[in-house]
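Here is the structure we will look at.
Each value in this text was obtained by applying a stated rule to the coordinates, not by laboratory testing. The shown structure was predicted, so the numbers you read here are calculated from the model rather than taken from an experiment. Every residue, glycine among them, receives a Cβ derived from its backbone with ideal geometry; neighbour counts consider all protein chains shown.
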Amino acid sequence: MKRSTLAIALIALVVAIAAIFFMMGGKPSDKAGDHAAAAKGKDGAASPRPALTVTVARPEATELMLTLAANGNVAAWQEAVVGSESNGLKLAEVRVNVGDTVKKGQVLAVFSPETVQADIAQARASLAEARATAADAAGNAARARTLQATGALSQQQINQYQTTEQTAKARVEAAEAVLAAQQVRGRNTQVLAPDDGVISARTATVGSVVAAGTELFRLIRQGRLEWRAEVTSAELSRVSVGTTAFVVSASGAQVRGKVRSIAPTVDPQTRAALVYVDLPNVQQNTGVKAGMFARGDFELGRSTAPTVPQAAVVPRDGFNNVFILKPDNKVSQLKVQVGRRLNDRIEITSALPDGARIVVQGAGFLNDGDLVRVVDAPAPSSSAAAQPPKPAASAAAAK
């Protein structure tokens, strides 16, 4: 009895466990079937999943600046050499240094005046002596002329008195000329600025004795610089006097200038001509210095061209590409040529399909033929919308 009761209990337990497994195993299979049915389309094939969520935009017609790029050196408009006009004098004082702004007639340096002052005093004494001699000779000649009618003096003696008078007058004039020359030497002990400008170089040293004509300073006249741009002969006709140019130095400083003149000849080696662009306010633009190499763009006018957001252009394998959205939400990769830039937009110089929708956000992660999900572009924030638009930067030259 005990064994049969135990056997019956074991059989009942096995049947109960089997019933439980049967009930639990049926539910997952039903769920899997439901998922498989939901994943099938109308034709019974599985629906593909989008590779990425993107935003799209259409090309817009934007007014861009027509520019011509060029390179060249920055140089002084005119440079004046200030030298010594005195010979053998010691330099006693130097009042300016490199970078100082000076006015016309300002004293730049002073030579020791003692030697010149002594020469001036000697010249004045010689002049006084010559004038006294001339006065005496004039009196003798006057008395001789009064006695001419009486015959007390011969004609030869009268002529001698008159010659002595004229010689004395000539000596007075010579003494006056010597005094004037010495006074000029006295004024030359002060070295004066020949024009308004900026001191660009200084070789004057206190205590040195210099010869006449020795260079003491170099002066950038009126503080004006110019950009000497090299423009090829093929493009030279596009630039004219008065054309605006944006010059960017190696340090990144940007200056706006105007074409002052164009060289009448072309270099036979480089086939390029120099275009001289005035750069105003160089003292305020400390990033532009004479001797710098700079690049720039000449403004030739404006034109309307199709542009897309810069994020839509994907550089890949040495080419610029955009992704065009097809009606089936798949993208097609297209190589394009780009040109000028304006803020965050870039010009497309190659042809685009009519009504093309260009992928913007997410374009850099796509491949040709990918399926995408399109969403609307996020609206600009209220704080960004309240800010005034930034001025457009100078457009780069079209490639």
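One table, with the values for the structure above:
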| read-out | value |
| --- | --- |
| Ranked by how many other beta carbons lie within 10 Å on average, peptides 91-102, 302-313 from highest | 302-313, 91-102 |
| FRET efficiency, 1/(1 + (r/R0)^6) with R0 30 Å, evaluated for Gln310 and Thr270 via beta carbons | 0.30 |
| Where labels lie 7 Å past Cα in the beta-carbon direction, separation of Val107 and Phe365 in nm | 7.6 |
| Size descriptor, Kirkwood hydrodynamic radius, that averages inverse alpha-carbon separations across region 207-257, Å | 15.2 |
| Per-residue HN-Hα couplings for region 232-244 [Karplus 6.51, -1.76, 1.60; θ = phi - 60°; Hz; x = Gly/Pro] | 5, 5, 5, 9, 5, 5, 7, 9, 9, 5, x, 5, 7 |
| Percent RCO, i.e. relative contact order, over region 131-273, from Cα pairs under 8 Å lying at least 6 residues apart | 15 |
| Distant-in-sequence amide H partners of Val374 (H built 1.01 Å from N, under 5 Å) | Val54 |
| Karplus-derived 3J(HN,Hα), 6.51/-1.76/1.60, for each residue of region 361-370, Hz, glycine and proline x | 6, x, 5, x, 9, 9, 10, 4, x, 5 |
| Over region 113-187, relative contact order from alpha-carbon pairs under 8 Å, at least 6 apart, % | 52 |
